[in-house]
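Structure record follows, encoded as C-alpha cells.
The values are calculated or read from the model by the stated rules, or taken from the named source; none is laboratory data. The shown structure was predicted, so the numbers you read here are calculated from the model rather than taken from an experiment. Positions of Cβ are backbone-derived with ideal geometry, glycine not excepted, and every protein chain shown enters the neighbour counts. Note: accessible area is taken over every heavy atom of the protein model, side chains too, but ligands, DNA and RNA are not part of it. Shrake-Rupley method; radii C 1.70, N 1.55, O 1.52, S 1.80 Å.
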Amino acid sequence: MNFVQPIRDPEIIAEIKKHLKEENERNYMLFVTGINSGLRISDILPLKVKDAKKSHFSLRETKTGKQKRIQITPALKRELKYYIEGKDDEEYLFRSREGKNKPIGRDMAYKILRNAAEQFGLDEIGTHTLRKTFGYHFYNQTKDVAMLQEIFNHSSPQITLRYIGVNQDSMDKAMNRFKI
C-alpha cells in the first residue's frame, strides 16, 4: 500500500474541483463528498441517493464494523441537493456506467483521483487522500485534535496528527531551518 498525503493547498483543491466539475459531475461529487465528510472510500461508494437526503450519513464502517453518524456539512448538502435532483432514492450516488445500478469500484475511484492529481502535478495521491484532506483542513480550521480523533475513531491525538500530515509539516519546517 502506498503512503498518501492530504492536499494541503486550498487553491489546488479549488482547481481540482473546477476541473472535475467541467469533466464529470459524478467524479466532482465523489471528490467533494470525500473532502467534506472524512469518510473512507469504502464507506462513500455504497451511499445511495436516499442517504444524501438526510442531515447525516449513518452507516456501519466497512473497515471497523462500527456504527458511524456524520453530519453532512451545509456546503456539501447544497452540492448534493443539486446532484441528486431527479434521481431515484435507491440509485447509488456514484453509479457505474456498467450494470443496471452498481456503484463505481475502488479502482475506478482511484483512477479518477490519480487522473486529477496528474493534471495538477500532485504525487502521493490515492483514495485515502480525500479523508486525509478533510482531516488536515478540519484540524487547521478548528485546532481541535480531540474532535478529529473522535471523527476518525483514532486511539490517540498523536496518531491523528501523524495521519493527517501535521507532524510531517512540522518536520519539514524544522529541516528547512536546520544547518550544520
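Structure summary
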item: The chain: most fluctuating residue of 17, 63, 132 per GNM, C-alpha cutoff 10 Å; result: 63
item: Residue-count net charge about residue 170 - beta-carbon cut-off 12 Å; Lys, Arg +1, Asp, Glu -1; result: +1
item: Gained length - residue 124 relative to residue 53, 0.36 nm times residue gap less alpha-carbon distance; result: 22.2 nm
item: Helix-only [θ]222 nm of the chain, DSSP H runs n ≥ 4, -39500 (n - 2.57) each, per residue, nearest 500; result: -17000 deg cm²/dmol
item: Environment charge of residue 68, counting only residues whose C-beta is closer than 13 Å and scoring Lys/Arg +1, Asp/Glu -1; result: +2
item: Options (i) 42, 23, 13; (ii) 29, 19, 14; (iii) 39, 19, 15 - which one matches semi-axes √(5λ) of the Cα gyration tensor in Å as calculated here; result: (ii)
item: Per-residue ³J(HN,Hα) for segment 61-69, Karplus 6.51 cos²θ - 1.76 cosθ + 1.60, θ = phi - 60°, Hz, x for Gly and Pro; result: 4, 5, 6, 9, x, 8, 6, 9, 9
item: Overall form of segment 16-100 per C-alpha gyration tensor (a/c, 1.5; a/b vs b/c); result: rounded
item: Simple Cβ-charge dipole of the chain, Lys/Arg +1 and Asp/Glu -1, about Cα centre, in debye nearest 20; result: 460
item: Protein-only accessible surface order, largest first, of 55, 155 at 1.4 Å; result: 155, 55
item: Sulfur and carbon atoms: percent of accessible area, segment 5-104 [1.4 Å]; result: 48
item: Solvent accessible area, Å² - residue 15, 1.4 Å probe, full protein context; result: 100
item: Heavy atoms of residue 8 accessible to a 1.4 Å probe, total area in Å² rounded to 10; result: 70
item: GNM result for the chain, Cα springs below 10 Å: residue of 36, 27, 167 fluctuating most strongly; result: 167
item: Residue of 33, 73, 129 that the Gaussian network model of the chain assigns the largest fluctuation, springs spanning Cα pairs under 10 Å; result: 73
item: Average Cα contact separation per residue, segment 1-132, under 8 Å, 6 or more apart, as relative contact order %; result: 35
item: Residue-level accessible surface for residue 23, protein heavy atoms, 1.4 Å, Å²; result: 110
item: Filter on 50/143; 66/173; 68/111 - keep pairs with C-alpha separation over 31 Å; result: 50/143; 66/173
